[in-house]
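Report on one structure; see the data block that follows.
The values are calculated or read from the model by the stated rules, or taken from the named source; none is laboratory data. As the structure is a prediction and not an experimental result, all values here were calculated from the model. Cβ: placed from backbone, ideal geometry, glycine included. Neighbour counts: every protein chain shown. In case anyone asks, the SASA skips ligands and DNA or RNA and just uses the protein heavy atoms, side chains included. Shrake-Rupley method; radii C 1.70, N 1.55, O 1.52, S 1.80 Å.
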Amino acid sequence: MGSSKKIEKIIKNYTNNSRKKHDLIKISYDNRLSKIAQSHSKSMAKNGKIWHGDGVHLAGGFAGENVAMVPKGGSSKDVARRFHNCWINSPGHRANILRKEFGIIGVGVIKKGGYYYGTQLFKKENDLSEINIYLNKRIKKKLLSLIFRWLIFLLGISLSLFISYFINFSDILFLSLLSGFIIEIINSSYDKLKKHSNFIINKSFFLWILVYSLIYLLFYFFLNFNLFLLSFTFLIIRMIIKKIKFYKKNVWTTIFILLFLLLFIFISK
């Protein structure tokens, strides 16, 4: 099974091989354009279908866009060849590949279910101003999202401390679980609101409660308990776990490990 990054590079090579056969200049791989292509491929993978338009709109100005979905199977080279064959044998997509005005290419490939979703974006080499504007906006949006997420963690911990004080209950295990529960309620509500979907309590919901509770206890027993540092640690751990993606395929195993660690910390206090 091929990796997405490797497939993207091979697609670029196939594109240049086809251009070479028609005496056209070699096009360069542009990381900024590839980020936009990856964003469009991710949207298609999420919805399980392909469409044109988003990539060209985001890239701005004079641009070309090729999209396709191909079944998994074989090496990176096999998958890349399937993408290229789809495009080179389609008149509109072939025109983008062989357009002499284009000097840079961005490729984004995302694997989801039984398919790879791919996007190729083409632009002139000196036509990148709108791409930079889009990427700067995207960075600002991500930064604001991270700040807001950190404030959610800070609010969750503060609420748990306030509730425990109000009901005159100071058991540390209760506090850690309460904190994790409040944080995940706010977190999930925020995520569902962004995606315009319904709030669902599932295995991952309880997993995140355990993750936050474990970190809470670690800070309480072994580190200097500090609201700001603890909430910032929640943010970092959340980003790391989201990247690892282990828990999605092994939720019950992960929950069992976290429960064992919670029990160990509580016993050893």
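Things to note:
- Surface listing: ILE186, ILE25 arranged by accessible area from highest to lowest gives ILE25, ILE186, probe 1.4 Å.
- ASN224-SER158 FRET efficiency (beta carbon distance; Förster radius 25 Å; 0.05 resolution): 0.90
- In the structure shown, the pairs LYS42/LYS100; LYS21/LYS111; LYS26/LYS137; LYS46/LYS123; LYS42/LYS123; LYS112/LYS242 are assessed against 24 Å; a Cα-Cα span above that value is assigned to LYS42/LYS100; LYS21/LYS111; LYS26/LYS137; LYS46/LYS123.
- Separation of alpha-carbon centers, the stretch 64-125 and the stretch 23-52, rounded to whole Å: 8 Å
- Potential extension, ASN31-TYR165 segment - 0.36 nm per residue separation minus Cα distance: 43.1 nm
- FRET efficiency for LYS192 and ASP23, using Cβ-Cβ distance with R0 set to 45 Å, rounded to 0.05: 0.25
- Between the amide H of TYR115 and those of LYS72, distances stay under 5 Å, these residues lying 5 or more places away or on another chain, with hydrogens modeled in the peptide plane.
- Amide H contacts of GLU125 (H built 1.01 Å from N, under 5 Å, at least 5 apart or other chain): GLY103, ILE104
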